[in-house]
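Written below as structure tokens is the structure these notes are about.
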Amino acid sequence: MLFAAAAPVFACSPENGTFTQYIFGITTNPGTARTEGNVQCVTDFSFISYLYGAPWGNSISSLMKGCYEINTVSLTGNMVAFAVDTYAKGTIQGVIIDKFDGLGMYTYNGPTLTFALNGVTYTVTQGMVVFGLLDNSFAFKHGTTGWLRGVSTTETTEGVTIVAGPLAGLGIETAAVTYCFP
């Protein structure tokens with residue numbers, strides 16, 4: 001009973017909240033693939049993204065490296081990646097666990113935006129419907145530098161990697177993010 005009045009170690013200060021973040025990315029390195037039967041394993045792939053909507057501003061860069069396994073028939077599978085998100089106010093890094101859900105239609109409901117990734121300019125429009133590989137993920141990240149040092153974030157996303165049309169190859173994710181400063 002000595003510690004009954006003590007605050008839990010995981011308690012957050014009043015500096016916490018939630019926001020919606022829109023994530024747009026493309027593959028910069030397809031990695032090394034190995035296929036056995038209907039399962040393809042890919043290691044050492046990399047992805048670059050633009051993150052829009054955080055209360056501390058939009059990303060300067062976001063780099064992700066990881067591996068995934070996908071069934072080449074059903075296009076279902078899993079991915080694990082490490083991400084480093086750089087903002088003007090600091091850096092956040094962490095782990096992303098993603099689940100591929102096969103092919104389907106996806107409606108982007110975020111704002112109309114124009115941005116550049118790896119020297120290519122993309123425009124996404126509110127309400128656009130695209131076809132691609134559907135996915136959903138969970139991420140846990142923490143701030144490592146600058147004003148963002150110590151912040152903890154968790155995010156759940158759903159999205160698509162577009163497989164046809166002028167935006168083919170672009171990944172679009174809508175993330176519900178919760179953050180907590182120490």
Using a Cα-Cα cut-off of under 13 Å, which aspartates and glutamates could be cross-linked to LYS65, ignoring same-chain neighbours fewer than 8 residues away? ASP44, ASP85, ASP98
With Cα extents along the principal axes in Å defined as stated, name the option among (1) 52, 40, 36; (2) 63, 47, 43; (3) 59, 38, 25 computed from the structure displayed. (3)
Among the aspartates and glutamates, which have Cα under 17 Å from the Cα of LYS99 when same-chain residues fewer than 8 positions away are ignored? GLU69, ASP135, GLU155, GLU158, GLU173
So which aspartates and glutamates can LYS89 reach, going by Cα to Cα under 16 Å and dropping same-chain residues fewer than 8 places off? GLU15
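No value in this document is a laboratory result; all are computed from the given coordinates. Computed from a predicted model, the values in this text were never measured in an experiment.
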